[in-house]
1. Given (1) at pLDDT below 95; (2) within 18 Å of the chain's Cα centre (by Cα); (3) more than 30 Å from Phe420 (Cα to Cα), where does Thr145 come up short, assuming only one miss?
2. Identify the single condition in (1) closer than 30 Å to Ile386 by Cβ; (2) outside any strand (DSSP E or B); (3) within 16 Å of ligand 1 (Cβ to nearest atom) that Trp151 does not satisfy, given that it satisfies every other one.
3. Please give the helices (runs of 4 or more DSSP H) falling wholly within segment 58-116 in which 1 or more residues are under 27 Å from the mean Cα position of the chain (by Cα) and closer than 20 Å to Leu26 by Cα.
4. Can you pull out the residues in segment 327-362 that are within 30 Å of Arg259 (Cβ to Cβ) and either within 16 Å of ligand 2 (Cβ to nearest atom) or surrounded by 15 or more Cβ atoms within 10 Å (Cβ to Cβ) (or both)?
5. Taking the criterion of being away from ligand 1 (no atom under 16 Å from the Cβ) and in contact with a Lys or Arg (Cβ under 6 Å, 6 or more places away or on another chain), would at least one residue in segment 116-130 satisfy it?
6. For Asp246, state whether it is assigned to a helix (DSSP H, G or I), in contact with a Ser or Thr (Cβ under 9 Å, 6 or more places away or on another chain), acidic (Asp, Glu) and at pLDDT 95 or above.
7. Among (1) closer than 30 Å to Met348 by Cα; (2) assigned by TED's automatic domain parsing to the domain that holds Leu199; (3) away from ligand 1 (no atom under 16 Å from the Cβ); (4) surrounded by 16 or more Cβ atoms within 10 Å (Cβ to Cβ), there is one condition Arg173 misses while meeting the rest; what is its number?
8. Tell me whether segment 189-197 contains one or more residues that are surrounded by 22 or more Cβ atoms within 10 Å (Cβ to Cβ), more than 16 Å from ligand 2 (Cβ to nearest atom), aliphatic (A, V, I, L, M) and under 16 Å from the mean Cα position of the chain (by Cα).
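The values are calculated or read from the model by the stated rules, or taken from the named source; none is laboratory data. Predicted model only: the values in this text are computed from it and were never measured. Cβ sites come from the backbone with ideal geometry, for glycine too, and all protein chains shown count toward neighbours.
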Amino acid sequence: MAEKYHIVTYGCQMNVHESEKIAGILHRLGYEETDTNENADIIVFNTCCIRENAENHAFGNIGALKKLKKQKPNLLIAVGGCMTQEKGKTDVLKKKFPFIDIMFGTLNLEELETLIKRKKTQKKRVIEIRETEGEIIEFPDAYRTSYPNAWVNIMYGCNNFCSYCIVPYVRGRERSRKPEHILAEVQGLVKEGYKEITLLGQNVNSYGSDGKTGTTFAELLDMVASIEGDFRLRFMTSHPKDFNEDVVKVMEKHRKICRLVHLPVQSGSNAVLKAMNRRYTREKYLDEIHMLKSRLPEAEVTTDIIVGFPGETEEDYLDTESLVKEVDYASAFTFVYSPRQGTKAAEMENRIPEEVQKDRIMRLVELVNTLTRRKSEKYLGKTVEILCEDYDAKKGLYLGRDEFGRMGYFSSNTNVIGKFIALKITKANGISLYGEVVSVKD
Ligand code: 5AD
Ligand code: SF4
């Protein structure tokens, strides 16, 4: 019987896709998937360090394995991802959890195969973390678990050093994949029947700015959208300092590209944006939104917002509220500022008291929910195109998303996962929509 693996993933889409690459490596080694720790012969933690609570989660879950490892000494425990790239964190992990067998980083993911093989021949644990990024290593065989959606990295790393953010320290400088590799991957995925492709990068708009590809993001998007086939195309994340009209013109040209742009604003106050080192102003951000909506009136925008950044006054916070209202986001991810060691903001002295942060996040969440609910109600009676992604056994309903990322539930007698459904919306409940199938596209 084949040995089994279980991967525990924390954090963003980038990590979810990296776990698919880890799964690809494990399948190459002959492992099969299981979804419990108890049945696994190897457990891999793909960690995140963007906020303290992501780290605490991982610490808790790794710590909880102590007993299982005692019962099953041959169980391999591997820890990778952003946490292991953090300065000093591997030492903390080593000390706290002596039962970890393998540690690897985001910059040497491809080495995991060798590290596992090495661990199997030696008693001593294997720790291999690279300090700096190397050339991009192409992964031929990610084991994808998200049909009909597929994620495709177009670049790695980040050069922006927003003052609160640890990503540039743990993922290295920007490296762009060659357009021919990206195109070949997407062509392959479309051929295999994937219906939604999301191009991934920390700042997709700076694709190619390392000068190695000779292609801008707008050009790349145009090439990918020109691939024949019935699929949707998304991209994330756009950075407001670089988002431009060229990209919107390509969106106009191709109906395949979803009319949804994830454009993290972080704050609506110019003083806070400056302290965050975001390198745009509220006015420039709003100009971009107007440019987008004047070319594509149906376009929607989603965002990320941080409240309680050092020095944020009540007035600054209210600027964020007013910007949220003005943009009228389709949805927003909202976060309380979390100091990350080694970043500029962690050194700032004008920290905001926790109760003020809590108060602001609650008010902001309420505002965002109100906007989202209002948008949901506008769907009532309309027919929208949903890409069916899954079946919710608890609800007994299929579910999928429209191009704006709205979740729609419906019942069907046949399995329609991977199909585009025309859904007439009959009920809106918070952010979820419910409807009746009008037609199924083959
Ligand atoms: N504290 C809180 N939120 C953060 N983000 C990044 N770093 C931090 C931090 N230190 C948020 C930003 C970013 C999203 C992925 O996570 O909003 O866009
Ligand atoms: Fe972090 Fe800013 Fe880079 Fe995004 S652009 S990953 S927020 S440093």
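1. With respect to (1) at pLDDT below 95; (2) within 18 Å of the chain's Cα centre (by Cα); (3) more than 30 Å from Phe420 (Cα to Cα), Thr145 is out only on (3).
2. Here Trp151 meets the rest and fails (2).
3. On the way: elements: 66-71, 82-85, 89-96.
Those helices (runs of 4 or more DSSP H) span 82-85.
4. Val327, Tyr329, Ala330, Ser331, Ala332, Phe333, Thr334, Phe335, Ile361, listed by residue number.
5. So far as segment 116-130 goes, yes, one or more of its residues are away from ligand 1 (no atom under 16 Å from the Cβ) and in contact with a Lys or Arg (Cβ under 6 Å, 6 or more places away or on another chain).
6. Working: assigned to a helix (DSSP H, G or I): yes; in contact with a Ser or Thr (Cβ under 9 Å, 6 or more places away or on another chain): yes; acidic (Asp, Glu): yes; at pLDDT 95 or above: yes.
In short, yes.
7. (4)
8. yes
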